[in-house]
Amino acid sequence: MDDNQITDRPERARPETGITADAPGGRVPALAAPPRRKMRWWMPAAVLVLMGGAIAFFLLTDRFDQATRSLAVKAACLAIVVLLALWYVFFTGLRWRTKLLLGSLGFLLAAAFLVGFRVDGATGDMGFRFVWRWAPPRDATLPQLAPSALSVGRDVTINALDFPQFLGPNRDAIIHPIIYAADWSSHPPRQVWRQPIGAGWGAFAVAGDLAITQEQRGDEELTVARDFKTGEPVWSHGNTVRFIDNTRMGGDGPRATPTIAGGKVFAHGATGILDCLDGATGKFLWTHDTLKESGEGNIQWGVSASPLVIDDLGLVVITLGSGGPGGAVAAYDVNTGERKWVAGTDKASYASPMLATLSGKRQVVVIGDKWVTGHDPAEGTVLWQYDWGSVPAKASQPPVLNGDSLLLTGGYGLKGVLLRVKHDGPSWTTEEVWTTGHMRTKFTTPVVLDHYAYGLNDGVLTCIDLDNEGSEVWQSGRAGQPDHFGHGQVLLWDNRMLVQSESGEIVLVWADPKGFQKFGVLPAFTSKTWNNPAVAGEYLFVRNDQEAACYDLTVIGEK
């Protein structure tokens, strides 16, 4: 076939000319291409304005706690991404090939982030920390401590200035006065020792010449006694368990602080294992898997309540797990480990049982998931209960006021309550005297001096007037401002406070209703610190989930 041969195939339109060659006259106009859809820029503009307004509302309002605001802002940002993606796919008018190319690129970047990174904890305000997904837990890189007991015991005699349990001698975050430096700018604390430590959010219990805490190293949950003066491990006892926080917000490992009493150490692990050890040697005495024996599941962020020892009754009291017929609170004989009583049905919270005298009667006060209850110490009988409502987590201890009242504080938007507890013969009653929105403590236990309470109100150090319905007297800096402490901890001695900030620094603050004053900053750590500090005599013991340290607090030349 030569080049001039005519075929019977019609010639297709040539896009570049818009004509065909086989029409009458040889040329006709082609069908016009459909007009391209407009980009509709008003849609993304509306999304940004509306969601930006929502973000501004959550950031500027005081109706919500900081964690709720943080989660709301993150949700709004995610909504912006989703809505802009929908606009891009359906309303931009771009060619599908272009949409597919850019959409695939965005999907691959998101997938690469999710595959490459994982959440490794969150701040109290729900700021997430990301690490490489294949990075091992930090505690797994530490040398393993072989469980060991001593043949020659160490001193665990409790002296007047020791710190033998959670929040101090009386479990109220108040320590006995000694000659401490009143101004750290001229007399900063002196570091005595610093040691790496396994994961965990408990504090030190200190007695005699030992400082004892719980920590996670790999698959071992350990109770470790360290030398008071060097921080070196002296003895350790381990259980092959690891509490894993599936939310990845709180981190793995134990949460509670051991209790030293009568020469023994009582440690309650995050999975519910209660161990009794000889304090001098670390020798194992008895144990109970409390959740397994009660038939209960664990709570979301693990067993966190520190054991309460009632010396004259020879009992150690703990809270249990998910609640129900298995009980909410249980007591064991300190010598034999025999269970003596179990009471209640409420789900456990993250607060610890405490011994208090209310309206003239000594009792065990328990903050549960929903109920606050008072129990007879010997029998466990519920004397009274108060419905405080259920929020994600309650962790603060309630100060006792005026012999018949409790200052209940919590986080997640829960209002503080001054609760009066009274009884007339066998009948008990509770009364809300007032409520306040100025002491939302979340992790912190407030401290009381005269008729003022001081605590971290959603991360802001705040003073409230207990004689004026919890009204605010003063506060330190808000989030993002100087003197914002985050969700740390507070200890009170005399008229001064040690404020352990969430970021790791320790700040010396005056406990004075006239205004906020600070007298020095100790840069103890540079990472998240939720653990309570402990003070025994002239020594300050601090730790987080990575390091532990000891400082000398005394005035130079006064020792």
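Can you list the strands (runs of 3 or more DSSP E) found entirely within segment 377-450 that contain at least 3 residues being surrounded by 21 or more Cβ atoms within 10 Å (Cβ to Cβ)?
In segment 377-450, the matching strands (runs of 3 or more DSSP E) lie at 405-408, 416-424.
Sort out for me the helices (runs of 4 or more DSSP H) sitting completely within segment 38-133 that have 3 or more residues that are in contact with an Asp or Glu (Cβ under 7 Å, 6 or more places away or on another chain).
66-90
Would you mind stating whether Glu221 is closer than 21 Å to Gly321 by Cα, buried (at least 24 other Cβ atoms within 10 Å of the Cβ) and either touching a residue at least 24 places away in the same chain (Cβ under 8 Å) or among the basic types (Lys, Arg) (or both)?
yes
Of (1) within 20 Å of Val535 (Cβ to Cβ); (2) not in a strand (DSSP E or B), Gly455 satisfies all except one. Which?
The failed condition is (2).
So that you can scan it fast, the table gives a plain yes or no per residue for (1) surrounded by fewer than 14 Cβ atoms within 10 Å (Cβ to Cβ); (2) assigned by TED's automatic domain parsing to the domain that holds Lys528; (3) within 30 Å of Thr436 (Cβ to Cβ):
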{"residue": "Val49", "(1), (2), (3)": "yes, no, no"}
{"residue": "Lys74", "(1), (2), (3)": "no, no, yes"}
{"residue": "Cys77", "(1), (2), (3)": "yes, no, no"}
{"residue": "Asp120", "(1), (2), (3)": "no, no, no"}
{"residue": "Pro136", "(1), (2), (3)": "yes, no, no"}
{"residue": "Leu142", "(1), (2), (3)": "no, no, no"}
{"residue": "Pro147", "(1), (2), (3)": "no, no, no"}
{"residue": "Arg154", "(1), (2), (3)": "no, no, no"}
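With the condition being touching an Asp or Glu at 6+ places or on another chain (Cβ under 7 Å), I'd like the strands (runs of 3 or more DSSP E) fully within segment 482-545 carrying at least 2 qualifying residues.
Ranges flagged: 518-522.
Hey, can you tell me all the residues within segment 333-376 that are in contact (Cβ under 8 Å) with a residue 40 or more places away in the chain, closer than 21 Å to Glu296 by Cα and not in a strand (DSSP E or B)?
Within segment 333-376, Gly337, Lys347, Ser349, Tyr350, Ala351, Ser352, Pro353, Asp369 meet the criteria.
Rundown of residues vs (1) within 22 Å of Thr445 (Cβ to Cβ); (2) outside any loop (DSSP other than H, G, I, E, B); (3) in the same structural domain as Ile310 (by TED's automatic domain parsing), yes/no style:
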| position | (1), (2), (3) |
| --- | --- |
| Ala182 | no, no, yes |
| Ala203 | yes, no, yes |
| Val206 | yes, yes, yes |
| Gln216 | no, yes, yes |
| Thr223 | no, yes, yes |
| Ser236 | no, yes, yes |
| Ala267 | yes, yes, yes |
| Thr271 | no, no, yes |
| Asp275 | no, yes, yes |
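Yes or no, residue by residue, for (1) over 20 Å from Gly389 (Cβ atoms); (2) of a type outside the set (Phe, Trp, Tyr); (3) touching a residue at least 40 places away in the same chain (Cβ under 8 Å):
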| site | (1), (2), (3) |
| --- | --- |
| Ser427 | yes, yes, no |
| Thr430 | no, yes, yes |
| Leu456 | yes, yes, yes |
| Trp474 | yes, no, yes |
| His487 | yes, yes, yes |
| Leu491 | yes, yes, yes |
| Ser503 | yes, yes, no |
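Does segment 479-517 hold any residues that are touching a Lys or Arg at 6+ places or on another chain (Cβ under 8 Å), surrounded by 18 or more Cβ atoms within 10 Å (Cβ to Cβ) and of a type outside the set (A, V, I, L, M, F, W, C), and which are they?
Result: His484, His487, Glu502, Gly504.
Out of all the residues in segment 232-241, which are surrounded by 21 or more Cβ atoms within 10 Å (Cβ to Cβ) and either touching a Phe, Trp or Tyr at 6+ places or on another chain (Cβ under 9 Å) or under 20 Å from Gln300 (Cα atoms) (or both)?
Residue satisfying the conditions is His237 alone.
Select, from Gly520, Gly470, the only residue that is surrounded by fewer than 22 Cβ atoms within 10 Å (Cβ to Cβ) and of a type outside the set (A, V, I, L, M, F, W, C). It would help to see each step written out before you state the result.
Values: Gly470 fails: surrounded by fewer than 22 Cβ atoms within 10 Å (Cβ to Cβ).
Just one listed residue meets the conditions, Gly520.
The values are calculated or read from the model by the stated rules, or taken from the named source; none is laboratory data. Values in this document were obtained by computation on a predicted structure and should not be read as measured data. Glycine gets a Cβ as well: all are built from the backbone with ideal geometry, and neighbour counts include every protein chain shown.
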